[in-house]
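Okay, so here's the structure we're looking at.
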Amino acid sequence: MDPSSPKYYLEDNFDPNDLYDIYVGATADKKHMDELLLFPLKVIFSEVKSGRIKGSTLIDISFGPFIFHLLPLCKYFKDITVLEFNEPCLKVLQKWLNKDEDALDWSHAAKIAAELEGNSENWVEKEEDLRRCIKTILPCDFNKQNPTDPVVLAKADCVINLYVLGKISKDSDSYRQNLKIMSSMLKLGGRLLLIGAFKASHYKVSGEKYHVLNFNEEELRTMLKDCGFNIERMEVMESKIRSDVIYYHQMFYVCAVKIKEL
């Protein structure tokens with residue numbers, strides 16, 4: 001690899017704790033927190049409140065050791081499967097599930113989730129509720145015919161993808177292919193919740209620059225349609241972050257219903 005080329009999430013490991021500290025930990029920069037943690041929590045809570053997403057089973061295919069986006073969902077989905085591509089992040093997720101002493105602290109996110117639900121005193125139970133709902137954490141590889149081989153997963157009522165799709169897709173063709181793989185994990189009529197960034201270039205962990213796919217709203221709408229999805233809701237927020245640590249123009253949230261098998 002060219003030393004000047006960005007690293008790649010599927011091939012180049014990093015310190016998950018550093019990722020947490022920089023972007024979504026309790027001591028992270030406020031602008032990072034507002035956009036990368038608070039925005040997802042707000043839109044997911046709003047989606048749950050709308051009543052559009054239904055069912056009991058959810059598959060989470062997201063970025064890094066993050067679980068905060070599942071806090072508003074565990075009240076409704078009692079059978080959650082978490083899939084992870086990156087081995088160090090997989091280990092950190094398992095530590096959190098096992099309540100290890102050196103596990104990541106998501107209490108700040110639990111407090112926000114509880115406040116959004118109008119029950120700020122209930123934040124202590126939020127993480128425990130989520131732990132009870134997560135039935136398994138599995139390694140995942142989209143290059144395999146069965147990404148969770150040897151485990152065969154039943155199709156879920158809902159699939160959520162926080163940040164990772166743009167990080168594992170090197171171009172628009174691979175983004176489409178990865179969307180199709182996620183669609184194969186979803187029941188017909190089920191919902192895909194997708195959170196990411198438009199016009200992005202990179203993010204950094206431990207000083208190393210990592211790849212993010214650069215695409216826009218029009219391209220995303222086309223790709224979702226091509227992959228058998230109908231967009232029910234899209235929300236776009238302009239980014240206020242201007243730094244060398246992470247760069248993108250907009251955050252987006254999409255709720256799309258699977259209307260056909262491919």
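What follows draws every value from the coordinates through simple rules; no lab data is involved. None of these values were measured; they are calculated from a predicted model. Please note: Cβ atoms are built from the backbone with ideal geometry, for glycine as well, and neighbour counts cover all protein chains shown.
Structure data summary
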{"quantity": "Index of the failed condition, E127 passing every other in (1) under 16 Å from L224 (Cβ atoms); (2) in a helix (DSSP H, G or I); (3) in contact with a Ser or Thr (Cβ under 9 Å, 6 or more places away or on another chain)", "calculated": "(1)"}
{"quantity": "Top-ranked residue in region 242-255 [being assigned to a strand (DSSP E or B) and not hydroxyl-bearing (S, T, Y); ranked as surrounded by the fewest Cβ atoms within 10 Å (Cβ to Cβ)]", "calculated": "Q250"}
{"quantity": "Lone qualifier among G166, G189 - being within 20 Å of D226 (Cβ to Cβ) and either crowded, with 19+ Cβ neighbours inside 10 Å or of a type in the set (S, T, Y) (or both)", "calculated": "G166"}
{"quantity": "Residue in region 204-222 that is surrounded by the most Cβ atoms within 10 Å (Cβ to Cβ), counting only those that are of a type in the set (A, V, I, L, M) and under 15 Å from S5 (Cβ atoms)", "calculated": "V212"}
{"quantity": "Subset tally (residues that are more than 24 Å from E35 (Cα to Cα) and assigned to a helix (DSSP H, G or I)) for region 130-169", "calculated": "3"}
{"quantity": "Single match in K49, K54 (criterion: surrounded by fewer than 15 Cβ atoms within 10 Å (Cβ to Cβ) and closer than 23 Å to V236 by Cβ)", "calculated": "K49"}
{"quantity": "1 or more residues in contact with a His (Cβ under 6 Å, 6 or more places away or on another chain): qualifying strands (runs of 3 or more DSSP E) within region 188-241", "calculated": "208-211"}
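A quick yes/no check of all residues on (1) surrounded by 22 or more Cβ atoms within 10 Å (Cβ to Cβ); (2) out of contact with any helix residue (DSSP H, G or I) (no Cβ under 9 Å at 6 or more places or on another chain):
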| residue | (1), (2) |
| --- | --- |
| F45 | no, no |
| I61 | yes, no |
| P65 | yes, no |
| P88 | no, no |
| A103 | no, no |
| G118 | no, yes |
